[in-house]
Amino acid sequence: MKTGIRPRGGPFIPVGEILLRASRSSGPGGQHANVTASRIEAVFDVTASLVLSPGQKARIERKIGSPVTAIAQDARSQARNRDLALERLEEKLGAALQVPKARRPTRPSRSARQKRLTGKKIRSETKRNRRPPSHDD
């Protein structure tokens with residue numbers, strides 16, 4: 001059993017900060033699923049977190065909202081669904097915490113500019129040759 005999650009680019013979040021709710025599953029298990037609470041819903045309240053910095057909280061809230069939820073009902077056992085829900089929550093938080101790389105502006109090379117101008121001249125010549133002859137001839 002996991003004691004917490006560590007999203008990519010973020011701190012370790014203990015399970016104590018994550019609300020885990022169990023309910024009846026519509027997944028596999030046959031008649032067994034009708035009487036057991038094997039579906040797990042993991043809910044993480046970003047605003048109430050003690051381990052996230054204010055900047056991380058703002059980034060997560062801006063991207064995916066304040067209560068982040070992950071649900072698992074794939075497996076028959078509650079323990080496996082709990083681990084799956086925590087993994088999914090970890091992936092969601094990691095994606096939200098990812099800082100995009102700053103774009104470095106680039107300039108076209110001399111040969112790229114030359115190719116562009118040559119292409120324009122060729123296209124211009126093609127269009128000029130399609131015109132009807134002038135009256136001067």
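The values are calculated or read from the model by the stated rules, or taken from the named source; none is laboratory data. Since this is a predicted model, take the numbers as computed values, not measurements. Because the Cβ atoms are built from the backbone with ideal geometry, glycine has one as well, and the counts that use them run over all protein chains shown.
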Looking at Ala33, is it of a type in the set (A, V, I, L, M), at pLDDT below 90 and assigned to a helix (DSSP H, G or I)? yes
What number of residues in the range 59-79 are loosely packed, with under 14 Cβ neighbours inside 10 Å, within 18 Å of the chain's Cα centre (by Cα) and within 17 Å of Leu19 (Cα to Cα)? 3
Filter the range 40-58 down to residues that are among the small types (Gly, Ala, Ser) and under 15 Å from Gly16 (Cα atoms) and give me whichever is modelled with the highest pLDDT. Ala42
Checked the range 80-120 for anything of a type in the set (D, E, K, R), surrounded by fewer than 10 Cβ atoms within 10 Å (Cβ to Cβ) and either touching a Gly at 6+ places or on another chain (Cβ under 7 Å) or assigned to a helix (DSSP H, G or I) (or both); matches are Arg110
